Amino acid sequence: MSETIKIKRGVDVKLQGKAEQIYADAQMPETFALKPSDFPGVRLKLSVREGDTVKAGTPLFFNRDREQVKFCSPVSGEVAELVRGDKRKLLEVRILADTTTEYVDFGSADPKTMDRDAVKEKMLQSGCWPLVRQRPYNVVANPERSPKAIFISCFDSAPLAADVDFVVHGMDKEFQTGIDALSQLTDGKIHLGVDSSANPSSVFTSCKGVVLHKVKGPHPAGNVGVQIHHINPVNKGEVVWTLNPRDVIIIGRLFLEGKFDARVNIALAGSEVLKPRYYKTVIGTNIKNIVAANVSANNNRFISGNVLTGTKIKPEGYLGFYDQQITVIPEGDQDEFFGWINPGFSKFSISRTLAGWMSPNKKLALDTGMNGEERAFVVTGEYEKVFPFDIYPVQLLKAIMINDIEAMENLGIYELAEEDMALCEVVCTSKTPVQKVLRQGLDLMLKELGD
Amino acid sequence: MKIFKNLLESVKPHFEEGGKLEKLYPVYDGMATFLFVPGHTTHSGAHIRDGIDLKRTMITVVFALIPALLFGMWNVGYQHFLALGMNETVTFLDQILFGATKVVPMVVVSYAVGLGIEFGFCIIKKHSIEEGFLVSGMLIPLIMPVGIPLWMLALSTAFAVIIGKEVFGGTGMNILNPALTARAFAFFAYPAYMSGDKVWTDTSLEAGQTLVDGYSGATALGDLAVKGTTHLSPMEMFIGNIPGSIGETSVVAILIGAALLLFTGIGSWRIMLSGLLGAITMGLIFNAVAPYAISPEQQAFMAVPFWEQLLLGGFAFGLVFMATDPVSAAQTTRGKWIYGFLVGLLCIMIRVFNPAYPEGVMMAILFMNVMAPLVDHYVIEANIKKRKKRIQVKTA
């Protein structure tokens, strides 16, 4: 094991409602969905129509510019509805699920005996490919390129995050097989980042063919982008791939059992959840049965993902493709009388302008209030406190705002994904929509320069 | 608070599109958001946000200025009655009341003129009102001598807001610190009211009152620049019961403000610390080379112990409240160290070398405001070079 990577800049926002390590039962919902918005930068083309029957592993849509990248149904059933938004933009492909899932048989195989193209082909066909994402741009990996390394962060440091060690428990074999497959895809190494303060699961520590890195520090230490930056940063012209541990397991199952088995374990957390627990479910699940009767009756926000980077969904919405948790927190839509001078005992701040500094370990029930209005950049040095990269965040954002591609490149945009700057957005006095701006920059770069 | 809510709701239709006062919507919005932080919820990106906003940031700085303001009020009265030789007979309350009658109108004029112009610009540009002037409006009276006529103060404020800030695009876009721009304007437009030894004390006399024989209202810095010595002791300079601009004299009051700024994290400790180091460095250099100065006055000024230089003039006030203005200071971490150090260094250098204008801190900060983007530019270039080198190392 190599030296511990120490992350100093960052902050752990302490929230109420951490999931207890028990699996609760929830009835399988009738519908599942894939959401094209989970795949930024991809131009999609549908390959099914309403009423078609599909199996788990049947392609629902594919990348118009790179047809081998297919996005497959996680369950078997019937294509129930194609939900469209403004300008007929495709929002969801909903599947009415069978009671027992039928899988497309891709055939089991030992990745160690396969060559690179065969492994790639199998992953592309089965719908496992979109689980692999690449930096730069944090989009579905381009299968035509070979990454200089593959990074997997084996812990999640975000507020109320699912305990990765808990959710992968007992899946040593699947994980190892997934790693064997991935190691065929790169000439470089596969890096695993584990939490130095915890006792990492044997799934990770006994895994062969990888380099383990201990990472220590506050969030965003668990972000794969931070780990890449400190282990082997992405330079211009280079590409690395990233995966979540659960995605490695899904890939492992493909090679062991020959099917696209998108079962995942997720956490339900947040201050408005009555009994925060873990659930066994499938990618793209409707969250209705999971949250039903388990959240307060207040005006709540349902988030697929964590409070920093997740997506707002309806109480009967669908779990995002990459998300590993559902978070429920109160909406903060109340006007606040002289709110800017309130002591704010129950609010979070990295400054000491609110009374919250007196109880740094108190777990808060934060709501979704903006706590102010959007302003021009005024305060400086704020982002740097929570941004453990050797990159100038404000200057980069300004370069993006004026569409200066050369400056973005020089300032290091290739290394970043939205999640890496999420804390900057949280602490911003001027309430700048940091993640949105960064995504605009990444999309522009992708459009102009290609992946 | 329900009353306010209802009031706001009842007048709102007039300010909305189609209403009679549609054009004044930014003013309505400013008032409404002043009373109630609007219940906007996060719509993109992170779902939770820090409790801080620009209003809170600005009001924290205003709080930090209050000790200097209150001390300044008392000191205006104290200096007045000192000049009249009446301090034995008047009470503390008399002193503070006299000071208040002089200082409060200045604060009111500064806010009225500045906010008036800001509102006007917001109406023209259809922007929401930004909070930057909350601090500038308090700073401006505190860095002026008490003797300045109110119309000059008004004109300086107007100049600072229009030329110093709004032409660049408003809060967050300005290059120079607006309050110092106001002072610089007043200094160059009306030097007779901004320097010398007559302006720092209010010597207006009522019937039957006379000035004490041999009274001098010169500041310590003015004395040192001209004569090389001052009758004021370091302790007096530290406490602040000496002539000077309203808010600048009391190092104690300023330190209380600095403590608040540093504790809350609003003021940059890097700029304050490096500014202090810069001033000490220059002070020590002067101490070392003092015997070689041209004139005996300058020799004496240079020989002033370096720590005493820190108590003189507006150095403390400027460093704590003006050099740390995040908009006009350097914005990168390394840049802040360089910027602060040079502010301190230049401040002491200008005050010693420029007998015509011994108050170096204003010029030092304004100069470094202009230079800050350059400092940042080179700091960022270094970062870019480092990143490019990373590729070269690999390909080599």
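For A:G356, the conditions (1) over 28 Å from the mean Cα position of the chain (by Cα); (2) in a loop (DSSP other than H, G, I, E, B) are fulfilled apart from (2). Listed by first and then second residue, the pairs linking a residue in segment B:169-187 that is not assigned by TED's automatic domain parsing to the domain that holds B:V146 to a residue that is modelled with pLDDT under 95 and in a loop (DSSP other than H, G, I, E, B), with Cβ atoms under 8 Å apart and 6 or more places separating them unless they lie on different chains, form an empty list.
Scan segment B:151-199 for residues that are under 17 Å from B:S328 (Cα atoms), among the β-branched types (V, I, T) and either within 14 Å of chain A (Cβ to nearest Cβ) or assigned to a loop (DSSP other than H, G, I, E, B) (or both) and the total you get is 3.
Filtering A:S202, A:S271, A:S206, A:S183 for residues that are surrounded by 19 or more Cβ atoms within 10 Å (Cβ to Cβ), in contact with a helix residue (DSSP H, G or I) (Cβ under 9 Å, 6 or more places away or on another chain) and polar (S, T, N, Q) leaves a single hit, A:S183. Residues in segment A:363-387 that are more than 7 Å from chain B (Cβ to nearest Cβ) and part of a loop (DSSP other than H, G, I, E, B) were compared, and the one that is nearest to B:A329 (Cα to Cα) is A:E382. Residues in segment B:119-137 that are of a type in the set (F, W, Y) and either more than 14 Å from chain A (Cβ to nearest Cβ) or in contact with a Ser or Thr (Cβ under 7 Å, 6 or more places away or on another chain) (or both): B:F119 alone.
Residues considered: B:H40, B:H47, B:H14. Of these, the only one that is at the interface with chain A (Cβ under 7 Å from one of its Cβ atoms), of a type outside the set (K, R) and more than 35 Å from the chain's Cα centre (by Cα) is B:H47.
Out of the residues in segment A:397-408 that are touching a residue at least 40 places away in the same chain (Cβ under 8 Å) and surrounded by 15 or more Cβ atoms within 10 Å (Cβ to Cβ), which is farthest from A:S430 (Cα to Cα)?
Filtering segment A:397-408 for residues that are touching a residue at least 40 places away in the same chain (Cβ under 8 Å) and surrounded by 15 or more Cβ atoms within 10 Å (Cβ to Cβ), the one farthest from A:S430 (Cα to Cα) comes out as A:I405.
For A:P360, work out the one condition from (1) in contact with an Asp or Glu (Cβ under 8 Å, 6 or more places away or on another chain); (2) more than 13 Å from chain B (Cβ to nearest Cβ) it doesn't fulfil. Against the list (1) in contact with an Asp or Glu (Cβ under 8 Å, 6 or more places away or on another chain); (2) more than 13 Å from chain B (Cβ to nearest Cβ), A:P360 comes up short only on (1). Scanning segment A:78-91 for residues that are in contact (Cβ under 8 Å) with a residue 40 or more places away in the chain and small (G, A, S) gives a single hit, A:A80. Being under 18 Å from B:P243 (Cα atoms) and assigned by TED's automatic domain parsing to the domain that holds B:A68 is a property that holds for B:G147. For A:D247, state whether it is farther than 28 Å from A:D390 by Cα and charged (D, E, K, R). It is true that A:D247 is farther than 28 Å from A:D390 by Cα and charged (D, E, K, R). Here's a check for you: in segment B:337-372, which residue that is in a helix (DSSP H, G or I), farther than 19 Å from B:N287 by Cα and more than 18 Å from the chain's Cα centre (by Cα) is nearest to the other protein chains (Cβ to nearest Cβ)? Among residues in segment B:337-372 that are in a helix (DSSP H, G or I), farther than 19 Å from B:N287 by Cα and more than 18 Å from the chain's Cα centre (by Cα), the one nearest to the other protein chains (Cβ to nearest Cβ) is B:W337.
Whenever a residue of segment B:4-21 is in a helix (DSSP H, G or I), its partners that are loosely packed, with under 14 Cβ neighbours inside 10 Å and acidic (D, E), lying with C-beta atoms within less than 7 angstrom and at least six residues away or across chains, give the pairs B:F15/B:E22.
For segment A:426-446, filtered to residues that are touching a residue at least 60 places away in the same chain (Cβ under 8 Å) and in a helix (DSSP H, G or I), the residue that is farthest from the other protein chains (Cβ to nearest Cβ) is A:L446.
The values are calculated or read from the model by the stated rules, or taken from the named source; none is laboratory data. Remember, it's a predicted structure, so these values are computed and weren't measured experimentally. Reconstructed Cβ throughout: ideal geometry from the backbone, glycine too, with neighbour counts over all protein chains shown.
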